[in-house]
Each structure stands twice: as C-alpha cells, then as structure tokens.
1. R0 = 25 Å: FRET efficiency of HIS33 with ASP65, Cβ-based, nearest 0.05?
2. Got a number for the accessible area of ARG72? Probe 1.4 Å, square angstrom, nearest 10.
3. Rounded to the nearest 0.05, what FRET efficiency do HIS58 and LEU14 give with R0 = 30 Å and r taken as the Cβ-Cβ distance? Could you check?
4. Please list, in order, the residues from region 1-20 whose amide nitrogen is less than 17 Å from a point placed 7 Å along the Cα→Cβ vector of LEU40.
5. ASN2: net charge of surrounding residues, Cβ under 11 Å, Lys/Arg +1, Asp/Glu -1, itself excluded?
6. Taking θ = phi - 60°, what integer Hz values does the Karplus form 6.51 cos²θ - 1.76 cosθ + 1.60 yield along region 42-54, in sequence order, with x for Gly and Pro?
Amino acid sequence: MNSTQRSILSTLALYAAEGRSALTFDEIYFYLHKSENNPLKPAEKEISDCLSELKKNHLIFEDGDYYSLENRAGFAEENIKKY
C-alpha cells in the first residue's frame, strides 16, 4: 500500500469517527491528509487510481458518488440526510 492509499484510508477513518460515514471524491481530495514522506497533495489522477485499487481490494466501498470504509446498504443516503 502506498502513502496516498494510506492517506485516503486515514481521511475516511477520521471523518467516520466524527460521524461522517462517507465522503465524495471532491471531499476526499480537499480533506486528504498528507503524509510525512510526501507533504505535497497528490494529483487527482493518482487519487482516482488509488481509490480504484482500494475498492478492488475491498478496503473501501463506493455507493453512488460516495466512498466509505463500511460496506452496508444506504450509507450514501444516510450521509446525504445528515448534511
């Protein structure tokens, strides 16, 4: 797992801990935690590729425009209702 993938997972975990079960691509890009090894924000293409790889490995899940650490029905709708 590369540093961008770890940053995506940590970003999703932080917002899940704060009650936000899912984030859109734009939110992940905006809130993405930078790593010590790479203090620069990665390009959108790299983030998109990393999201695809994380989904393929079942580490994150996609529902519509939302990404989450949880694989349960309706997490996107639940997130939309909260915000």
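The values are calculated or read from the model by the stated rules, or taken from the named source; none is laboratory data. Nothing here was measured: the structure is a model prediction, and the numbers come from that model. Here the Cβ positions follow ideal geometry from the backbone for every residue, glycine too, while neighbour counts run over all protein chains shown. Just so you know, the surface numbers come from the protein's heavy atoms only, side chains and all, with ligands and any DNA or RNA stripped out. Shrake-Rupley method; radii C 1.70, N 1.55, O 1.52, S 1.80 Å.
1. Values: r = 21 Å, r/R0 = 0.83.
That gives a FRET efficiency of 0.75.
2. That residue has around 80 Å² of solvent-accessible surface.
3. On the way: r = 20 Å, r/R0 = 0.68.
So, using R0 = 30 Å, E works out to roughly 0.90.
4. 3-5
5. With Lys, Arg at +1 and Asp, Glu at -1, the net is -2.
6. Once θ is set to phi - 60°, the couplings for region 42-54 become x, 5, 4, 4, 5, 5, 4, 5, 5, 4, 4, 5, 5 Hz.
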